[in-house]
Amino acid sequence: MSMINKEISDFTAMAFHKGEFKTIDKKSVLGKWSVFFFYPADFTFVCPTELEDLAEKYSDFKSAGCEIYSVSTDTHFVHKAWYDMSERIKKINYIMLADPTHALSKDFGVYIKSDGIAERGSFIVDPEGKIVAYEVSSGNVGRNADELFRKLQACQFVAEHGDEVCPAKWQPGASTLKPSLELVGKL
């Protein structure tokens, strides 16, 4: 079942952010673009490479009016311990959500019950709290922050220019397409 246009459920979760523990809920997510970046677990192998890649692109996401929420089924205490021990994770300035009850992982459809962890899932959520793009990958395949950012920009463009669509490899400033019944008949 597709998750496109699914509104995220109400939630409250503990988070580790900039050296502090804080509570994040759905209300704090609404009103801006968001990326929920699920990964299997702290202290693993592929995860720190992805989270570091995302940390290096974070200022671009912030400039685009988007907050990043990395999410694993670890607790906020484990996030802090990992942050304290890993040079890669110390680069993170975005919010690290804790999902030990698996509520978020289940809501986004990435929970692996047999392992008690989440798949690698990237979800772009619009300011109204609806999923507008997502990708789920096998646990042994890392993701690319540049491509995720490009998809965010495309989603934002389409939201602002509803009568235009972004073709493959679209970049800001590039040509878009204006679908019309006349054009569809020629395809």
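The values are calculated or read from the model by the stated rules, or taken from the named source; none is laboratory data. Quantities reported herein were computed from a predicted structural model and do not represent experimental measurements. Counting neighbours? That spans all protein chains shown, and the Cβs are built from the backbone with ideal geometry, glycine included. Protein only, heavy atoms only, side chains kept; ligands, DNA and RNA dropped before computing areas. Shrake-Rupley method; radii C 1.70, N 1.55, O 1.52, S 1.80 Å.
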- Task: Determine, from the Cβ-Cβ distance of Asp163 and Glu7 and an R0 of 25 Å, the FRET efficiency 1/(1 + (r/R0)^6), rounded to the nearest 0.05.
- Result: 0.55
- q = 0.15, 0.17 Å⁻¹: log10 I(q)/I(0) that the Debye formula gives for the chain, counting C-alpha atoms only: -0.86, -1.09
- Message: Below 14 Å, Cα to Cα, which aspartates and glutamates can Lys178 reach? Residues fewer than 8 away in the same chain don't count.
- Response: Glu160, Asp163, Glu164
- For the stretch 101-187, just list the percent of Cα-Cα distances falling in each 5 Å bin from zero outward, please. 3, 12, 18, 17, 16, 13, 10, 7, 3, 1, 0
- Query: Which of the lysines could be linked to Lys106 by a straight reach, that is with a Cα gap under 21 Å, when you skip same-chain ones fewer than 8 residues away?
  - Reply: Lys6, Lys26, Lys27, Lys130
- Message: If I compute solvent accessible area with a 1.4 Å probe over the protein chains, what percent of it on the chain is carbon and sulfur?
- Response: 54 percent
- Excluding Cys155 itself, what net charge comes from residues whose Cβ is under 12 Å from its Cβ, given Lys and Arg +1 and Asp and Glu -1? +1
- Give me Rg over Rh for the stretch 36-118, both radii from the alpha carbons and Rh done the Kirkwood way, two decimal places. 0.96
- Rg and Dmax [Cα atoms of the stretch 94-136; Å; Rg one decimal, Dmax integer]: 11.0, 33
- Note on the structure: For Ile117, the residues 5 or more places away or on another chain with a placed amide H closer than 5 Å to its own amide H are Ile112
- Note on the structure: The relative contact order of the stretch 68-115, taking Cα pairs under 8 Å that sit 6 or more residues apart, comes to a percentage of 47 percent
- Answer in debye to the nearest 20: the dipole magnitude of the chain about its Cα centre, from +1 Lys/Arg and -1 Asp/Glu charges placed on Cβ, is 80 debye
- Message: Give me, ordered by chain and number, the residues 5 or more places off Gly129 or on other chains with an amide H under 5 Å from its own placed amide H.
- Response: Gly31
- Task: Determine which aspartates and glutamates satisfy two conditions relative to Lys57: a Cα distance under 17 Å, and not lying fewer than 8 residues away in the same chain.
- Result: Glu67, Glu87, Asp146, Glu147
- Note on the structure: Full extension between Ser137 and Ser63 adds, at 0.36 nm per residue less the Cα distance, a length in nm of 24.0 nm
- Mind listing the phi-derived Karplus ³J(HN,Hα) values for the stretch 153-163, rounded to whole Hz, using 6.51, -1.76 and 1.60 with θ = phi - 60°, and x for any glycine or proline? 4, 5, 4, 5, 4, 5, 5, 7, 10, x, 8
- Query: Which whole-number value in Å² is the accessible area per residue of the chain, probe 1.4 Å?
  - Reply: 52 Å²
- Message: As a test, work out the antiparallel percent of DSSP beta bridges whose residues both lie in the stretch 1-67, rounded to the nearest 5.
- Response: 75 percent
- Please tell me the relative contact order of the stretch 10-71 in percent, rounded to the nearest whole number, where contacts are Cα pairs under 8 Å and at least six residues apart. 34 percent
- Note on the structure: Shape descriptors of the stretch 5-61 over alpha-carbon atoms, Rg and Dmax in angstrom, are 13.1, 34
